[in-house]
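The structure is given below, and queries will be raised subsequently.
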Ligand SMILES: [Zn+2]
Ligand SMILES: [Zn+2]
């Protein structure tokens, strides 16, 4: 098939990728078999504009400026605005560690629709942090000594929780091996040799599905690195209750400074990636499957504004800024930590040495050649040492999430269309 792939053109009937076939001068969809003249195609493509998903958002209740007993602090370094009911003071910024946090008059705030109250007390949060530290081999002793753990603060972090449906169609090139056989051919010296061949059937496969997601979270605090909040997921949403002022007592609350609209892109990306893999998993019974494209639409979105409990501590050390966050409901900890380069070097050589000695002993008996055994042992030792150190370093920083599988409601998954269209057969060596 001699054709140009025009990835940007979608079939008006099934949204599959269209290909221009030079021999018939038409745009062809392998997935549903439709053919279009260029002129005809352009018209119908213009008619079908992709519509944007719309999100429904409740109007949150407000606590008026100057409300009784309410205090407000602003961090001049990172811009975080924190409030409390006067029972607890902010001693330093939990997000950036700035100690010069300025008190000002309460300027009012949107109250959340729901809240998960703190279930973990301060001393438990500190213990969880200690356990988290002690598992890390490369943390500098100085940092542990000066960690000021008692400065940890309980903060209600504003979150946007997204409920929505996702509809998508995936297009795949799939193959089945029909049979295997051998061919007798002549090599360059004219000798007969046996070659392994197979007969392959190619299919154009499409799958459409619909599914729902519940409460995919994104925090509404600009100052908060997304990695931290992603890493302490999930929260147990069955414990969300209506907001009552009493829950704020003894804790700080962070005013949101990122709207749902501003964080929606991050949620979209996570949902799309999970939807794509969920649809892909329904293509079975083939020996190979390659995705050509996948079109996903997010629909019927609803956004809730909730406050979730997080114990926060930011430490500045040797010019760097290190934040720890403890899920105030489950105790899950995340944080970025400095790496002690001397410890990393020591770990590397220790691993290398142990590994090399073991390999050299085994190698000597297997190869019965001391020189080769030593070379092999050194190479394996170097590789294992490097892997050990790099995985230890990676565990010292938090990572952002790129999918939303925890929030996919599995029993809402419905396959709404499937098509397996035979395209051609061919023979292939291998
Ligand atoms: Zn089509
Ligand atoms: Zn700050």
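Bear in mind that the values in this text are calculations on the coordinates, not laboratory data. Note that this is a predicted model, so its numbers are computed, not measured. With ideal geometry, Cβ positions are generated from the backbone for all residues, glycine too; neighbour counts draw on all protein chains shown.
Whole angstrom only: what separates the Cα centroid of region 199-224 from the Cα centroid of region 10-27?
A separation of 25 Å, based on Cα centres.
Something else: Using a Förster distance of 51 angstrom, determine the FRET efficiency expected from the C-beta separation of residue 24 and residue 391, and round it to 0.05. Please report the intermediate quantities before stating the final value.
Numbers: r = 55 Å, r/R0 = 1.08.
According to the calculation, E is roughly 0.40.
Let me ask something else. Provide the gained length on full extension for the span residue 345 to residue 288, in nm with one decimal, where the gain is 0.36 nm per separating residue minus the Cα-Cα distance.
Here the segment from residue 345 to residue 288 would lengthen by 16.1 nm.
Given 0.36 nm per residue, what is the gain on full extension from residue 178 to residue 121 after removing their alpha carbon distance, in nm?
14.2 nm
Suppose each label sits 7 Å from its Cα in the direction of the beta carbon; what would the residue 372-residue 280 distance come out to in nanometres?
With each label point 7 Å from Cα toward Cβ, the separation is 4.2 nm.
Sticking with the crude label model, points 7 Å out along Cα→Cβ, report the distance from residue 409 to residue 189 in nm, one decimal please.
So the label points at residue 409 and residue 189 sit 7.0 nm apart.
Between 0 and 90 degrees, rounded to the nearest ten: what's the tilt of helix 341-367 against the longest Cα principal axis of the chain?
Once rounded, the angle reads 40 degrees.
On a 0 to 90 degree scale, rounded to 10, what angle separates helix 260-280 from the longest Cα axis of the chain?
Helix 260-280 sits at roughly 40 degrees to that axis.
Can I ask one more? Determine, for 307, 126, the number of other Cβ atoms within 10 Å of each Cβ, and report the residues in order from fewest to most.
126, 307
Another question, then. With the chain treated as a Gaussian network of Cα nodes joined by springs under 10 Å, which of 218, 253, 344 yields the largest mean-square fluctuation?
344
Among 297, 182, which comes first, then next, by fewest other beta-carbon atoms within 10 Å?
Details: 297 17, 182 10.
Ranked by crowding around the Cβ, least crowded first: 182, 297.
On to the next question. Using alpha carbons only, how many angstrom separate the centre of region 254-315 from the centre of region 85-128?
Here the two parts' Cα centres lie 28 Å apart.
How many nm is it between the label spots at residue 57 and residue 300, if each spot is 7 Å from the Cα in line with the beta carbon?
Label-label distance for residue 57 and residue 300, simple model: 2.2 nm.
If you don't mind, there's one more thing I want to ask. Normalise the Debye intensity by I(0) for region 343-393, one equal point scatterer per Cα, no solvent, then take log10 at q = 0.20 Å⁻¹ and round to two decimals.
-0.59
Something else now. Treat the count of other C-beta atoms within 10 Å as a stand-in for reagent exposure and order 383, 115, 271 from fewest to most.
The fewest-first ordering by Cβ neighbours comes to 383, 115, 271.
Next question. If you take the Cα atoms of the chain, find Rg, then find the Kirkwood Rh from the mean of 1/r over all pairs, what is Rg/Rh?
On the way: Rg = 29.5 Å, Rh = 26.7 Å.
Here Rg/Rh amounts to 1.11.
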